[in-house]
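Just below is one structure, and these are the notes that go with it.
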Amino acid sequence: MPTAPKYRRVLLKVSGEALMGEGGFGIDVATVDRIAGDVKEAADAGSQICMVIGGGNIFRGLAGAAKGIDRATADYMGMLATVMNALAMQAALERTGLPSRVQSAIPMSTVCEPYVRRRAIRHMEKGRVVIFAAGTGNPYFTTDTAAALRAAEMTCDAMLKATNVDGVYSADPKKVPDAVRYESLSYHEVLARNLQVMDASAISLSRENAIPILVFSLHDKGALTQVLAGKGRATIISEK
């Protein structure tokens, strides 16, 4: 019997790189299916879920700008990459039997819905997962900031950041074996220590709207449901 969730409505932020699996580029279908399975389990436990997925597995705006593409153009290309990832996740979710909708901040009605706040809330109330694509629809903003914005607009109880490690560390634990893991942090501590969990705009927006950020490992099966129940291993970033 699934544990009742502590957080009823949440936004799950997944990096584009997480969809690559063991590959160096693109979308690994088995990895996307595994993530979709965890989302299905969490939804079955009673949470309303929306998602934001990055596009770094396909195109990264900053990297494109560094190679000579105009920054705004490069960012728009990155937004289109997030739409591709969102469609891949939608297909995986629906393979599990969980209905979902993709809403894009850049209208492209042939492939997905435009972003409409009230419609997105209604979808979640009906048990559908909503995947927000194309960031905020504006260049110079990351998908982290888009995630914080959508979490506020959806009145989410929490924002979950799925990463490769089981929380926030003082340094990359894969490179620094004695890095310190934090059980909890304040928004101010994250910014003051420059911990690179999410960009400063996303942290500030979450603080202004009192949305806690839970950082957990994407690779532990069932971790999402446990974290939503308040029992999983995660670092909690809040006002304290």
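Where a number appears in this text, it was derived from the coordinates with a stated rule and is not lab data. Predicted model only: the values in this text are computed from it and were never measured. So basically every Cβ, Gly included, is an ideal-geometry build from the backbone, and we count neighbours across all protein chains shown.
Just grab the label-to-label distance for residue 240 and residue 71, each label 7 Å out from Cα along the Cβ direction, in nm (one decimal).
3.2 nm
Cα-based Rg (one decimal) and Dmax (whole number) for segment 9-238, in Å?
Values for segment 9-238 (Cα only, Rg and Dmax): 16.5, 50 Å.
Counting only DSSP beta bridges with both residues in segment 9-238, what percent are antiparallel, rounded to the nearest 5?
Roughly 15 percent of the DSSP beta bridges within segment 9-238 come out antiparallel.
Based on the alpha-carbon set only, what is the convex hull volume of segment 140-240 divided per residue, in Å³?
Hull volume normalised by residue count: 106 Å³.
If each DSSP helix of 4+ residues adds -39,500 (n - 2.57) and the sum is divided by the residues in the chain, what number results at 222 nm, nearest 500 deg cm²/dmol?
Theoretical 222 nm ellipticity from helices: -11000 deg cm²/dmol.
What GluC sites (Glu not before Pro) does segment 12-68 have in DSSP loop regions with at most 13 other beta carbons within 10 Å?
22
When a footprinting reagent is the concern and you count Cβ atoms within 10 Å, what order do 82, 96 take, fewest first?
96, 82
Of 142, 18, 49, which is farthest along the charge dipole of the chain in the positive direction, counting Lys and Arg as +1 and Asp and Glu as -1 at C-beta?
Result: 49, furthest along the dipole toward the positive end.
With labels modelled as points extended 7 Å from the Cα through the Cβ direction, what inter-label distance (nm, one decimal) is found for residue 119 paired with residue 231?
Here the modelled spin labels are 3.8 nm apart.
Neighbouring Cβ atoms within 10 Å as the yardstick, rank 116, 165, 190 fewest first.
In increasing order of surrounding Cβ atoms, one gets 116, 165, 190.
What ³J(HN,Hα) values, in whole Hz, does the Karplus curve 6.51 cos²θ - 1.76 cosθ + 1.60 give for segment 10-16 when θ = phi - 60°, with x put for Gly and Pro?
Whole-Hz 3J(HN,Hα) from phi for segment 10-16: 9, 10, 9, 9, 10, 6, x.
Given 174/231; 6/231; 126/231; 13/240; 175/231, which pairs have Cα atoms separated by over 20 Å?
174/231; 126/231; 13/240; 175/231
Please express the Cα-Cα pair-distance distribution P(r) of segment 102-148 as a list of whole percents, one per 5 Å bin, running from 0 to the bin with the greatest distance.
5, 23, 28, 25, 15, 3, 1
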